[in-house]
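This report concerns only the one structure given below.
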Amino acid sequence: MTALVELRGVERVYPAVRPVTALRPTNLAVRSGDWLAITGRSGSGKSTLLQILGLLDRPTSGAYLLDGADVAGLSDRERTRLRASRIGFVFQAFHLMPHRSALDNVTVALMYNRCPRRLRAARAAEALDRVGLGGRVGAMPNTLSGGERQRVAVARALSIRPDLLLADEPTGNLDSATAEEVLTLFARLHAEGQTVLMVTHDPQIAARAARRVQVVDGTVREVRPDA
Amino acid sequence: MRDLVEEALAGVGARVNRTVLTALGVVVGIAALVATLGLAATASARIVSHFDELAATSVTVLPSPDAGPQRAENLIPWDAAERASRLTGVVAAGTMSTLDLPETPVRATTVVDPLASDVVRPPLVAASPGLFDAVQARVAVGRAYDRGHEARRDRVVVLGGRLAERLHLADVGQSPAVFVGDVPFSVIGVLVSVERSPALLDAVIMPDGVAHARFRLAAPLSVVLRTRVGAAAVVASQAPLALAPQQPDALIAQRPAEPNATRAKVAADTQALFLALALVTLVIGAVGIANTMLVSVLQRTGEIGLRRSLGGTRASVAALFMVESALVGLLGGVLGSSGGVLTVVGVSYVREWTPVMQPWLAPGSALLGAVVGLLAGIYPAWRASRVEPIAALRTDG
Ligand SMILES: Nc1ncnc2c1ncn2[C@@H]1O[C@H](COP(=O)(O)OP(=O)(O)OP(=O)(O)O)[C@@H](O)[C@H]1O
Ligand SMILES: [Mg+2]
């Protein structure tokens, strides 16, 4: 079985007077259905790795195979289209639009996904239902708790039925009880077959994932469960 | 496209107060534009309608220039005014004859200043009492003469207002005298305004009978008719026969000519000034919108980054801000256009004019507001499209 995602010798150097190598040549394969936790110290290159995987950033060198096709050299427009159709992001800061209802925040993703208008509301409601917010579709973000907001963000990412769900510190702004809500949700999604890649600096949270990789100074290492 | 407009509406609607404030410059600019153009249209329509009213209600009957000098002499009978009054549609009628005595001096006796030239040579006009009503003259002081004066051949005159001023005869309370040639007349009235024959303001006007007896007026030289609205054409066709049954072809019935355009030109000059001001205000309004949109782009980098991560292209982000900006402009255009229309209606109400506006003015200027907004949005939209999603998503919010 071929990997859903495969990095071959991917490197990312931020150009500057003294260039910063955020990611050293990396090989990484993620199969469909994996739940992967990416850990590492601050500044180690976790976000850089996730942004490359999410087609927000382009590797300086190396190949990125998505479903076996190299997407590293695609144009900005082509990568944008792939993001709209195949990738769902969840951010530490939620990034909900404050003046729009939970439902509207989700339908925006479906709009960029080119989902037909008449289907959007139903699919957004379905996604909110999946994250346990079926009763709060009309709620405005400022009336929701932190955990609920992050679940709206997860629903937004899920609504387009992405091949890859990418979460950068999804629990970073949440207390441990609320973080647990989100982790339980991820565990369920993983059980339903959703591929999840999650960045966290918290080892306990990382322990919940099926598979762990650690980034140390831009070098990515697999962590054995027994280690 | 519909998605884009809906997203933009949501973006604009989320910040109603700011949107309205931002649109203010455009509101004022568009309002000034609509008010200026609307009032100009209203004023020129007024000039036209004033003229139309005159044209529709004025008829002057004269001897035809083709008729020989002999025949012209006694064409119009002395009772022409009464005869014409009997025609259906005639509201008022009077004879009017400018006496052919150009060198006759007129002197006032009450001159105080001995150095002032107290001798003028105004036109002398003989008129039946009905003429004052027929030309819609207003007597400010004293009164007009009537049939009684006419019948008694009283030596009375009515002076045009401008002439009275030149003769320093503002007060006719003591019936001052003027000498026309050697003949003394008492001034019984002064005209302040003459709607249809402004030349009378400079004239000495005396009854037909006196003119006949003293200045050898053989017969009236013209008959001025005021008719009901729309009746002028019919009256004009019937009047010659009614006045000169034996030789109707020797008379012609005239309608007034087009007024000259000086007044319209003066209006156009002030109008140009106001239009320039309106355009300057619009430019200021555009700068205001551009500024607010630019601030909005900076405040919403997080949202821009999110939209890009969700698969929004640079172009779609730019389009979103363009449309938002255009909507702000459109709002300003609609408000300003309404304000402008209200101004025109209000001014017309106060002045008792009929408000007239080109049908495209209100919707067109509202759209102009949208265009201004669109132009103002170009630079902010370009900035929005340059936002790097990675950097934007690092920010909180
Ligand atoms: N745009 C950039 N230009 C230059 N250097 C950058 C840029 N973005 C990131 N870096 C550097 O790259 C390295 C990796 O950054 P990255 O954000 O991937 O770290 P991280 O592991 O996500 O850290 P954190 O846990 O604090 O989020 C850091 O040293 C950072 O300073
Ligand atoms: Mg990070």
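Taking Cα atoms only, the orientation of helix B:314-351 departs from the longest principal axis of chain B by about 20 degrees. Each distinct pair of alpha carbons in the protein assembly as shown adds a 1/r term; the inverse of their mean, the Kirkwood radius, is 32.2 Å. Note on A:THR2 and B:LEU279: with the Förster distance fixed at 60 Å, the Cβ-Cβ geometry gives a FRET efficiency of about 0.40. Gap in Å between the Cα centre of the range B:208-232 and the Cα centre of the range A:2-36? If you average the Cα positions of each part, the centres end up 109 Å apart. Stretching the chain fully between B:ALA10 and B:ALA233 yields a gain of 74.0 nm (0.36 nm per residue, less the alpha carbon separation).
With the simple model of a label 7 Å out from the Cα in the direction of the Cβ, B:GLU165 to B:TRP382 spans 6.1 nm. Amide H to amide H distances under 5 Å link B:VAL141 with B:VAL190, where only residues 5 or more positions off or on other chains count and H is placed in the peptide plane. A compact globular protein would have a Cα radius of gyration near 2.2 N^0.38 Å; the ratio found for the range B:76-243 is 1.04. Full extension of the chain segment joining B:ARG255 with B:ARG86 gains 58.9 nm, where the gain is 0.36 nm per residue of separation less the Cα-Cα distance.
Other residues with beta-carbon under 12 Å from the beta-carbon of A:ARG114 carry, at +1 per Lys or Arg and -1 per Asp or Glu, a net charge of +2. Taking a Cβ cut-off of under 13 Å around B:LEU225, the surrounding Lys, Arg, Asp and Glu residues balance to a net charge of +4, with basic ones at +1 and acidic ones at -1.
If R0 equals 30 Å, the separation of the Cβ atoms of B:ALA272 and B:VAL20 corresponds to a calculated FRET efficiency of about 0.45. Only Lys, Arg, Asp and Glu carry charge here, each on its Cβ (+1 for the first two, -1 for the last two); on that basis chain B has a dipole of about 940 debye about its Cα centre.
Projecting the Cα positions of B:LEU39, B:LEU21, B:ALA8 onto the charge dipole of the protein assembly as shown (unit charges on Cβ atoms of Lys, Arg, Asp and Glu, taken about the Cα centre) puts B:ALA8 furthest along the positive direction.
For chain A, the share of DSSP beta bridges that are antiparallel, to the nearest 5, is 50%. Does a label point 7 Å from the Cα of A:SER42, set along Cα-to-beta-carbon, have any residues of the range A:154-171 with amide nitrogen under 15 Å, and which are they? Counting only backbone N, you get A:169. By DSSP, the beta bridges lying fully in chain B are antiparallel in about 80 percent of cases.
Relative to the current alpha-carbon distance between B:ASN291 and B:VAL345, full extension at 0.36 nm per residue lengthens the span by 16.1 nm.
Each of B:ALA366, B:GLY173, B:GLY302 was scored by the projection of its Cα onto the charge dipole of chain B, and the greatest displacement toward the positive side belongs to B:GLY302; charges sit on the C-beta of Lys, Arg, Asp and Glu. I need the shape label for the range B:114-206. Rule: rounded when a/c is under 1.5, else prolate if a/b > b/c, else oblate, with a, b, c from the alpha carbon gyration tensor. It is oblate, given that a/c is not under 1.5 and a/b is not larger than b/c.
By other beta-carbon atoms within 10 Å, ranking B:MET206, B:MET357 with the fewest at the front produces B:MET357, B:MET206. Summing +1 for each Lys or Arg and -1 for each Asp or Glu among the other residues whose beta-carbon sits under 14 angstrom from that of A:LEU144 gives +2. For chain B, the mean projected area of the C-alpha convex hull, equal to one quarter of the hull surface, is 29.0 nm². Taken along the Cα-to-beta-carbon direction at a fixed 7 Å, the label points for B:ALA315 and B:SER49 span 5.2 nm.
Only helical runs count toward this figure. For chain A, summing -39,500 (n - 2.57) over DSSP H runs of n ≥ 4 and dividing by all residues gives -10500 deg cm²/dmol at 222 nm. Our coupling estimate for the range A:199-209, obtained by passing each phi through the Karplus curve with A = 6.51, B = -1.76, C = 1.60 and θ = phi - 60°, is 9, 7, 9, 8, x, 5, 5, 4, 5, 6, 6 Hz, Gly and Pro reported as x. The DSSP beta bridges internal to the range B:76-243 are antiparallel in roughly 75% of cases.
A viscosity of 0.692 mPa s and a temperature of 37 °C, combined with the Kirkwood radius over C-alpha pairs in the Stokes-Einstein formula, give chain A a diffusion coefficient of 183 µm²/s. Helix B:262-299 versus the longest principal axis of chain B: what is the Cα-based angle in degrees, 0 to 90, to the nearest 10? For helix B:262-299, the angle is close to 10 degrees. Against the main long axis of the alpha-carbon atoms of chain B, helix B:361-385 sits at an angle near 30°.
Each value in this text was obtained by applying a stated rule to the coordinates, not by laboratory testing. In this text, all values refer to a predicted model and were calculated from it rather than measured experimentally. Note that each Cβ is placed from the backbone with ideal geometry, even for glycine, and that neighbours are counted across all protein chains shown.
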